[in-house]
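Colleague: Dropping the structure in here first, questions after.
Just so you know, all these numbers are worked out from the coordinates, no wet-lab data involved. Keep in mind that this is a model prediction, so the values were computed, not measured. Neighbour counts are summed over all protein chains in view; Cβ atoms, including those assigned to glycine, are modelled from backbone coordinates with ideal geometry.
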Amino acid sequence: MVGVVRAVLDDRLIVDLRGDWRLLTKPPFTCVKGNTVEVAASGHVVRVLTDGPLRLADDLDGPEDLGRFRVAPDATLDFNSFFGYEQVVESSRELVALSLNRADELRAIGTRPIKGVLFTGPPGTGKTWLAQILAAKAAATFYVIRGPEIVSKYVGDSEGLLRRIFEDAAKQARALIFFDEIDSVAARRGQGNHDASERLVAQFLTLMDGVDSSQNVLVVAATNRPQDIDQALRRPGRFDWEIAFPLPDENDRLAILEGSAGPMQAETLPHAAVATRTVGWTGAELVAVLQEAALVTVKDGRSMISVADYLIGFERQQRRRSGKERADA
């Protein structure tokens, strides 16, 4: 969720989530009135997106407003920045190498590049992170659209915004359009959806079909509910590829812990022991262990993460998971 900070209290923020005002815990980083912030489903402020309030999709009136969807990918990112998941990484390397970097060669032999890829898997498994890496490796103009951000209550607004995004991408030398929570934009039709949702899906299908083979445009979409996506999108010629992001196995967990700890000032940490004890954890939860350990280290006025800090971080994240599982039960 995305909202605007309306007031800063001693230990709380008042955040406007598109008309729904919430009293949220103040995060450990600085937030000021007017910041646009990302809020997790748990109700915690994750990060500041912009210093000022973003305009809502309802207020968009021209191509210049698309700038808020363009994100400059970190040029230093590469596939070595994505830890574990060897098969996922290998498929992604092939995607960039063939569909974007060598698209002209594919067209020369009479075939077309892949135009759509669907990332499926639980939250926290790295789908958005890999999309950023793909954009960086392809040196592509990167558009990030979180599904609910473009859903408007006014007839035609959402469809118009989608059209402008695709038209703008077609003008670029190379473009990657990333839809997070694609199920909120292209929900399965014929199951009691309202007319606006049906129109939005129809527009999305039309735009996918309209991506010309001469355009270097790749559409990547992510979801943790693939069963809720309209089946027409998964036909050949639209989302040609599907890459699954399962929960990491023990080797993946070890690679995530070791890779994430690499830049940190730390003792030799027992990553293998933690990897063994974290069956069912996502990559985001594993990274959170290191973040918690770093907080303990800094709080104690030290500059190097110790084994004890690391284990405390693991225990904190384990308690957090147990609490969430009880709440979800």
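Colleague: Considering only DSSP beta bridges with both partners in region 58-244, what is the antiparallel share in %, to the nearest 5? Mind dumping the intermediate values first?
Modeller: Numbers: 3 of 24 bridges.
In region 58-244, approximately 10 percent of DSSP beta bridges are antiparallel ones.
Colleague: Place +1 on the Cβ of every Lys and Arg and -1 on the Cβ of every Asp and Glu in the chain, take the dipole about the Cα centre, and give the residue among SER42, GLY110, VAL220 whose Cα lies farthest towards its positive end.
Modeller: In the chain, that residue is SER42.
Colleague: Moving to a separate point now. How far apart, in nanometres, would the label points at MET304 and ARG12 be if each is projected 7 angstrom from Cα along the Cα-to-Cβ direction?
Modeller: Between MET304 and ARG12, the label points sit 4.4 nm apart.
Colleague: Here is a follow-up. Need one number: nm distance between label points at ILE109 and ASP240, each 7 Å from Cα along Cα→Cβ, rounded to one decimal.
Modeller: Label-label distance for ILE109 and ASP240, simple model: 1.2 nm.
Colleague: PHE178's amide H: which non-local residues (gap 5+, or another chain) put their own amide H closer than 5 Å, with H modeled 1.01 Å from N in plane and none for Pro or chain starts?
Modeller: Under 5 Å from the amide H of PHE178: TYR143, VAL144, ILE145, VAL220.
Colleague: Kindly put TRP129, TRP21 in sequence by how many other C-beta atoms sit within 10 Å of each C-beta, fewest to most. Walk me through the numbers on the way to the answer.
Modeller: Details: TRP129 15, TRP21 11.
In order of increasing Cβ crowding within 10 Å: TRP21, TRP129.
Colleague: Just want to confirm a number: the relative contact order over the chain, from Cα pairs under 8 angstrom separated by 6+ residues, in percent.
Modeller: Details: 541 pairs, mean separation 52.9, N = 329.
In percent, rounded to a whole number, it is 16.
Colleague: Under 20 Å Cα-Cα from LYS137, which aspartates and glutamates qualify once same-chain neighbours fewer than 8 residues away are excluded?
Modeller: ASP74, ASP78, GLU86, GLU90, GLU94, ASP104, GLU105, ASP180, GLU242
Colleague: Filter LYS127/LYS171; LYS115/LYS324; LYS127/LYS324 down to the pairs with a C-alpha to C-alpha distance above 29 Å, please.
Modeller: The pairs that break the limit, which is 29 Å between Cα atoms, are LYS115/LYS324.
Colleague: Find, among the trypsin sites (Lys or Arg not before Pro) in region 121-179, those assigned to loop by DSSP (not H, G, I, E, B) with at most 12 other beta-carbon atoms within 10 angstrom. Intermediate results must be reported in sequence, preceding the final value.
Modeller: Details: sites: LYS127, LYS137, ARG146, LYS153, ARG163, ARG164, LYS171, ARG174; in loops: LYS153, LYS171, ARG174.
The qualifying sites are LYS153, LYS171.
Colleague: Quick check: from the Cα gyration tensor, does the chain come out rounded (a/c under 1.5), prolate or oblate?
Modeller: Working: a/c = 1.85, a/b = 1.31, b/c = 1.42.
Note, shape of the chain comes out oblate.
Colleague: Once you charge only the Cβ atoms, +1 for Lys and Arg and -1 for Asp and Glu, what is the size of the charge dipole of the chain about its Cα centre, to the nearest 20 debye? Provide the component values of the computation, followed by the final result.
Modeller: Details: 40 positive and 46 negative charges, 58 e Å.
Once rounded to the nearest 20, the dipole reads 280 debye.
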